[in-house]
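Report on one structure; see the data block that follows.
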Amino acid sequence: MADSNSTRKKRYRALHADRVRAAKNKYRREHLEQERARDRRRYAANPSRRRAATTTEMARHREWYAENRDSERDKLRKRRAADIEKTRAQGRRDAKRWRTQHPEKARAFARENFKRRRAVNPHCSRDQGRKWAAAHPEKVRAHGRKSALNRRARTRQAFVESIEPAVVFARDRGICGICLKPVSDRECWHVDHVIPLAKGGQHVYANVQLSHAFCNRSKGAKVA
């Protein structure tokens, strides 16, 4: 009787594969947490067998995809075309998550991509740079202030970490560390080294403070 039932089940699954697959997917969606917990228990009970099964399943899937590559790509293109905004939003989320998980690789890829585009079309790259700078003057000033600060520290052999001037401004709450008066973010302001680089100070957050441009120039290389 058991063999007969097993045979009938196999025959039913073979004849109604799509219906069985849809029912399984529906059940997993409705009982997602229970299914995940069951999968974790199975994997913990026999990890080597589970890894072997996963490897076999992946190999079978790759073989199936190789045979149905064109049809699957057509399906994917149709799904994307049906809701292009959703597809783009998902792509942006995936890219942002990848950049967050791999910041060094993301920066390296961005640099290589920029060099490649600039080599192919240098005039277009320069024009785009000028347009972006004209549209974002605050970001340009902030980047210039940061670059000059870090470059000076490297020249003095005192660079330890990259200093973000905006972070120093927010940390010091807009108060000049020399005269103790408020600093407006619309005026020219500096990031001052408490112990000057010329006196052996290091380029670290613990050794910098917000200051008016006049106060910083007046202080010079003195230790306040």
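The values are calculated or read from the model by the stated rules, or taken from the named source; none is laboratory data. None of the values given here were measured: they were computed from a predicted structure. Virtual Cβ from ideal backbone geometry, glycine too; neighbours counted across all protein chains shown.
A few notes on this one:
- Lone qualifier among I175, I163 - being among the β-branched types (V, I, T) and over 30 Å from R97 (Cβ atoms): I175
- Enumerated helices (runs of 4 or more DSSP H) restricted to region 1-77, each holding at least 3 residues that are modelled with pLDDT under 85, within 31 Å of the chain's Cα centre (by Cα) and of a type in the set (D, E): none
- Subset tally (residues that are under 27 Å from the mean Cα position of the chain (by Cα), within 16 Å of A206 (Cα to Cα) and touching a residue at least 24 places away in the same chain (Cβ under 8 Å)) for region 130-170: 11
- Only a single item in (1) within 29 Å of L210 (Cα to Cα); (2) surrounded by 11 or more Cβ atoms within 10 Å (Cβ to Cβ); (3) at pLDDT 85 or above; (4) among the aliphatic types (A, V, I, L, M) is not met by A135, and it is number (2).
- Search result, residues across region 91-114 that are loosely packed, with under 11 Cβ neighbours inside 10 Å and under 10 Å from the mean Cα position of the chain (by Cα): R93, D94, R97, T100, Q101, P103, E104
- From the list R93, R99, the lone residue that is more than 27 Å from V204 (Cβ to Cβ) and assigned to a helix (DSSP H, G or I) is R93.
- Subset of region 176-220 [free of Cβ contacts under 8 Å to residues at least 24 places away in the same chain and among the hydrophobic types (A, V, I, L, M, F, W, C)]: L180, A206, F214
- Per-region count, region 172-196, residues surrounded by 13 or more Cβ atoms within 10 Å (Cβ to Cβ) and either out of contact with any strand residue (DSSP E or B) (no Cβ under 8 Å at 6 or more places or on another chain) or not in a loop (DSSP other than H, G, I, E, B) (or both): 8
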